[in-house]
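The values are calculated or read from the model by the stated rules, or taken from the named source; none is laboratory data. Worth saying up front: this structure is predicted, and the values here are computed from it rather than measured. Methodologically, a virtual Cβ is constructed for each residue, glycine included, from the backbone with ideal geometry; neighbour enumeration extends over all protein chains shown. To get the accessible areas, we keep the full protein, side chains included, count just its heavy atoms, and leave off ligands, DNA and RNA. Shrake-Rupley method; radii C 1.70, N 1.55, O 1.52, S 1.80 Å.
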Amino acid sequence: MTIVITGAAGQIGYSLLPMVASGEVFGPNTMVNLHLLEIPQGLAMLEGVKMELLDCAYDTLNNIVCTTDPLVAFKDADVAFLVGGFPRRPGMLRKDLIQINTKIFLSMGQAIEAVASNNIKVLVVANPANTNALVTLKQCTRVPSKNFCAMTRLDYNRASAQVALKLGTSVKNIKNVIIWGNHSASQYPDPTTDGYVEANDGTKTPLSSLLNEDDEWLRNEFLTTVQQRGKAVMEARGKSSALSAANAAADCVRTWLVTGTKPGETVAMAVYNEEGHYGVTKGLMFSFPCECKDGDWVVKTGLNVNEFGQEKIKASEAELLSERDAAMEILNNNGSGSSTKKE
Ligand code: NAD
Ligand code: LMR
């Protein structure tokens with residue numbers, strides 16, 4: 001398989017590369033060609049990372065290409081992790097962040113359209129992840145929109161871990177926590193609509209029965225801890241989450257493309273909302289509970305979201321609509337509107 005990782009010399013890249021190269025994501029029997037994309041300033045560091053990857057002597061690593069040319073990176077690519085982007089600097093407005101990244105992801109989408117495999121699967125990690133993914137997929141007519149996903153698996157892992165801590169149980173027993181909406185502070189982490197604890201003997205206890213008595217914790221401490229986790233890690237480390245983000249990217253792609261979800265289980269993925277699920281505006285990249293099978297996802301439908309949850313979902317939808325409008329205005333002003341292939 002040919003796997004693209006953009007921003008490969010960055011922090012997340014440094015943690016993600018060993019997971020992909022060692023077979024941890026695609027399994028021990030799949031040989032991978034790594035196509036690593038950087039900007040010119042990152043290339044020298046990327047060459048150092050390449051030396052280290054070679055020195056790991058992974059059985060499953062076939063070939064490494066380091067490049068600054070998206071057309072080289074995406075050539076015949078089967079899977080892409082889009083990690084490279086422009087980071088938010090102190091004092092920078094979200095609109096400025098969207099402006100710079102929209103241009104970057106326009107060029108990612110154009111390269112995918114030009115040279116990638118027809119069935120390439122794309123995970124967008126770089127922020128603003130949902131809107132970057134939307135900009136990318138809109139450049140592609142050959143590749144179906146369902147092949148794009150923006151990462152909310154880190155939020156899902158964070159939320160599941162907080163619930164496990166609260167209940168004093170192992171995180172492996174916590175199932176079907178939902179992340180609704182944007183990978184941002186407006187997201188709605190929701191353990192009680194569909195979540196449950198699965199005991200070792202298979203008994204399932206709904207999280208609603210275990211946590212609803214503690215509404216105060218659910219609606220305040222839990223919510224803000226998950227929504228603000230990225231900021232908290234950044235303040236503590238002086239750098240944004242990298243190990244946990246790489247781990248989540250590996251988890252997301254492994255579940256989506258390799259293992260699938262177990263029957264009845266869901267994971268969080270921000271996907272193209274073609275159907276208008278849960279009343280959310282069609283055409284946004286929105287995080288929903290997803291079931292994965294045979295390399296595809298479907299949104300789990302029919303869940304009963306309470307009024308509090310519906311308000312939170314609306315708030316995240318409103319943020320995504322304003323991000324979408326800002327990005328589309330930039331594409332149009334940039335003269336790229338006409339190359340926006342999907343309406
Ligand atoms: P980083 O700054 O350490 O690395 C980013 C790398 O991308 C740099 O090496 C840079 O040179 C490269 N880059 C920039 N523009 C590029 C382009 N046009 N093409 C190719 N490479 C390019 O940042 P990081 O800590 O690795 O984080 C990467 C991104 O992931 C950031 O946008 C961050 O906000 C985001 N992030 C997302 C999540 C999530 O859950 N979705 C979690 C953590 C971080
Ligand atoms: C995170 O959730 O840790 C990141 O998205 C934070 C960031 O802005 O990089």
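Couple of notes before you dig in:
- Scanning the stretch 109-124 for residues that are within 13 Å of residue 150 (Cβ to Cβ) and aliphatic (A, V, I, L, M) turns up 122, 123, 124.
- For the stretch 238-251, the criterion of being among the basic types (Lys, Arg) and modelled with pLDDT under 95 is met by at least one residue.
- Scanning the stretch 251-270 for residues that are in contact with a Lys or Arg (Cβ under 9 Å, 6 or more places away or on another chain) and within 14 Å of ligand 1 (Cβ to nearest atom) returns 251, 252, 253, 267, 268, 269.
- Filtering the stretch 137-191 to residues that are away from ligand 1 (no atom under 16 Å from the Cβ), assigned to a helix (DSSP H, G or I) and among the small types (Gly, Ala, Ser) leaves 145, 164.
- Restricting the stretch 48-86 to residues that are of a type in the set (Asp, Glu) and exposed (fewer than 14 other Cβ atoms within 10 Å of the Cβ), the residue that is nearest to ligand 1 (Cβ to nearest atom) is 69.
- Members of the stretch 75-95 found to be within 16 Å of ligand 2 (Cβ to nearest atom) and at pLDDT 95 or above, listed by number: 81, 82, 83, 84, 85
- In the stretch 94-130, of all residues being part of a helix (DSSP H, G or I) and among the charged types (D, E, K, R), the one that is most open to solvent (accessible area, probe 1.4 Å) corresponds to 95.
- Residues that are open to solvent by less than 50 Å² (accessible area, probe 1.4 Å) and either in contact with an Asp or Glu (Cβ under 8 Å, 6 or more places away or on another chain) or within 16 Å of ligand 2 (Cβ to nearest atom) (or both) number at least 3 in the following strands (runs of 3 or more DSSP E) confined to the stretch 193-283: 267-272.
- Pairs, first among the basic types (Lys, Arg) in the stretch 102-115, second open to solvent by 20 Å² or more (accessible area, probe 1.4 Å), C-beta under 8 Å, six or more apart: 103/330; 103/334
- Residue check for residue 181: at pLDDT 95 or above, open to solvent by 30 Å² or more (accessible area, probe 1.4 Å) and on the phi > 0 side of the Ramachandran plot: no
- If only residues of the stretch 96-113 that are among the hydrophobic types (A, V, I, L, M, F, W, C) and more than 16 Å from ligand 2 (Cβ to nearest atom) are counted, the one that is farthest from residue 333 (Cα to Cα) is 112.
- Selected residue (criterion: farthest from ligand 1 (Cβ to nearest atom)) from residues of the stretch 1-20 that are polar (S, T, N, Q) and more than 15 Å from residue 66 (Cα to Cα): 15
- Subset of the stretch 292-343 (residues that are modelled with pLDDT of 95 or more and on the phi > 0 side of the Ramachandran plot): 294, 295, 302
- Residues (out of contact with any Ser or Thr (no Cβ under 7 Å at 6 or more places or on another chain) and buried (at least 18 other Cβ atoms within 10 Å of the Cβ)) located in the stretch 286-315: 286, 288, 297, 299, 312, 313
- Verdict on residue 137 being within 19 Å of residue 250 (Cα to Cα) and not hydroxyl-bearing (Ser, Thr, Tyr): no
- A count restricted to the stretch 116-134 and to residues that are within 12 Å of ligand 1 (Cβ to nearest atom) and without any contact (Cβ under 8 Å) to a residue 40 or more places away in the chain stands at 0.
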